[in-house]
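Worksheet: the structure to be examined is printed underneath.
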Amino acid sequence: MRVDFASLFQALADCLGQSGMTDSDAGMLFMKTMRALVRFDDVVIFAYRGKERPIDLFSTFGPQDHEVFVSLYQAGPFLLDPFYHAARSGKTGVFRMRELAPDRFFSSEYYRTYYSQTKLAEETGFFVARPDGVTVVLSLMRRERSGTFPAGEFSLLADAAPFVEAFVGMAWPQLSRRFDTLAKGSSRRRREPANAADRIWRKLNLTDREAAIVELVLQGFSSESIGLTLAISTGTVKVHRRNVYRKLGISSQMQLLSVYLKSLEA
């Protein structure tokens, strides 16, 4: 794809002329700028802070896809998303999903049960870490019919990263306050801590080590990778996994994910 410089400069001019943008205004400007550079099918922009439920800032989905990519995702599957974990770790720059995914992600139950529903060939995200502890991830998605991003187009996205970082700072300067407002509303509705994953592990009576291992299993890490991540032997990981399965009365990762998702809904 050739860069559409006329559209690019018009989008940049629109950015310079905006003040007090709504989420929709900002999302549309970002989309127009990126469309001048590369081809993609959809955009979704989330703000993340710690383990809190992400804020949906903008998306281009119709009602059915919005249910999968946004509503269902926010209900709990985000906790297993490689983009979410990269945002929590403070990554900045442009990354493809396959660069961030664990070694067994594409054969995990999470991938088969949830992520495969998206029918994406590739998802590429700009990660912008803000000084207030919020990370904004601006995802460009290509469906199976469109294929993956060619190397040349991905290189253009990498070159655009400084602009995207500055744009996010201009468009969404007060995201931490929005998280604070949502957290206050959540605490009024229930006395339990707001983090869904922590509540699940307590409810299932798992130890901290068992919970850490289960989270990594569900994200798509192999036993070998879990051992390296937690600095324990692969054999110890397998012992903990067997103990968790016995404690929960299950025998497979598919059943583990089912227990996890049902606990999210409870």
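Data for the structure
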read-out	value
Length gained when the stretch ASP4-SER176 is fully extended (0.36 nm per residue, less Cα-Cα span)	58.4 nm
Lys, Arg +1 and Asp, Glu -1 on Cβ, resulting dipole of segment 1-139 about Cα centre, debye, nearest 20	360
Expected 222 nm ellipticity per residue - DSSP helices of 4 or more, -39500 (n - 2.57), all of the chain, to 500	-15500 deg cm²/dmol
Option label - percent of Cα pairs over 28 Å apart computed here, alternatives (i) 28; (ii) 43; (iii) 39	(iii)
Accessible surface of the chain [probe 1.4 Å, protein heavy atoms]: carbon and sulfur percent	51
Estimated inter-spin distance, GLN255 and GLN117, nm [label 7 Å along Cα→Cβ]	2.3
Whole-Å distance, taken between Cα centres, linking segment 123-169 and segment 49-115	14
Above-threshold pairs, the threshold being 26 Å between Cα atoms, out of LYS51/LYS203; LYS51/LYS184; LYS119/LYS184; LYS32/LYS184; LYS203/LYS238	LYS119/LYS184; LYS32/LYS184
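The values are calculated or read from the model by the stated rules, or taken from the named source; none is laboratory data. Computed from a predicted structure; not experimentally measured. Glycine also receives a Cβ, built like all others from the backbone with ideal geometry; neighbour counts cover every protein chain displayed. Accessible surface is based on the protein model in full, side chains and every heavy atom, while ligands, DNA and RNA are left aside. Shrake-Rupley method; radii C 1.70, N 1.55, O 1.52, S 1.80 Å.
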